[in-house]
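Accompanying notes for the structure given below.
The values are calculated or read from the model by the stated rules, or taken from the named source; none is laboratory data. Because the structure is a prediction, the values reported are computed rather than measured. Note that we place each Cβ from the backbone using ideal geometry, even for glycine, and neighbour counts take in every protein chain shown. Note: areas computed on protein heavy atoms with side chains; ligands, DNA, RNA excluded. Shrake-Rupley method; radii C 1.70, N 1.55, O 1.52, S 1.80 Å.
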Amino acid sequence: MDIEQARFNMIEQQIRPWEVLEPTVLEAMSSIPREVFVPENFKQLAFSDTQIPLGHDEVMLEPRIIGRLLQALNISQNDDILEIGTGSAWLTALLAKLGHHVWSIDREISFTRQAESKLNQLCIENVTLETADIFDNYQSQTQYDVIVVTGSIPLSTSLFQELLKINGRLFVVTGSTPLMEAQCITRTSAETWITENLFETHIPMLKGAPEPEAFVF
């Protein structure tokens, strides 16, 4: 496989047609080598428009979805970013390139360890990795400019919204199979948020996310 041609095709045939045109996003997605973060047995799919299994019932999201969410979040070099779900860490690396610092949390220690190795390989230093469950009484003394939730949640929750600074942006996918909505939520004041629906999609549920109560007859 001609890796550079495949990378070019990924940008031109998958990401741009999905209306991802922001130059900083396209440059980041071209320069951070996706193939480094793909599991060895799926290297042939590194630039494909498909979800790639990572283990633990998690996946690496399609490049076009990553492009759309990065563009919607409008990340600046001064932004402090919280990523919930490290996964493959390709998105972690992209966030680190676009923003000031990334705090990335994952439930699976194997993902944290793999991420540390791959980020070190690329000399990416503005990332703090943590193995934790965001839903298990997780305490944060910090608010963030940007929050990215990499798994879906069935119900909207104020947990992530409260962690935003004023003018902070949250990317989250809400809903249940087969209908899920990717959203960008902006905190406009201490008590108000506005929601922009971006696109319909389907991604695995974030482990530990609150589920709707079953209706009992």
Farthest toward positive dipole pole in the chain [+1 Lys/Arg, -1 Asp/Glu at C-beta], among Ile105, Ile15, Ser31: Ser31
Residue among Leu91, Leu164, Leu206 farthest towards the positive dipole end of the stretch 60-217, charges placed on Cβ: Leu91
Added length on full extension, which subtracts the Cα-Cα distance from 0.36 nm per residue, Thr128 to Gln77: 16.7 nm
Antiparallel bridges, percent of DSSP beta bridges restricted to the chain (to nearest 5): 50 percent
Förster radius 25 Å - calculated FRET efficiency between Lys165 and Trp18, Cβ distance, rounded to 0.05: 0.35
At R0 = 35 Å, FRET efficiency that the Cβ-Cβ distance of Gln143 and Lys207 yields, to 0.05: 0.90
Accessible area of the chain divided out per residue, in Å², using a probe of 1.4 angstrom: 50 Å²
Per-pair calculated FRET efficiency, R0 = 35 Å: Met1 and Ser189 via Cβ, rounded to 0.05: 0.10
Approximate shape of the stretch 110-217 as ellipsoid semi-axes (Cα gyration tensor, √5λ), whole Å, largest first: 25, 19, 15
Kyte-Doolittle at least -0.5, axis length at least 15 Å by Cα - qualifying DSSP helices, the chain: 63-73
Assigned charges on the beta-carbon of Lys, Arg, Asp, Glu; the chain dipole about Cα centre (debye): 240 debye
For Trp193, distant residues with modelled amide H under 5 Å away: Thr188
Value of [θ]222 nm, deg cm²/dmol, for the chain, DSSP H segments ≥ 4, -39500 (n - 2.57) each, nearest 500: -7500 deg cm²/dmol
Cα-based Rg / Dmax (Å) for the stretch 1-156: 14.9, 47
Accessible-area composition of the chain, carbon plus sulfur, in percent [1.4 Å probe]: 49 percent
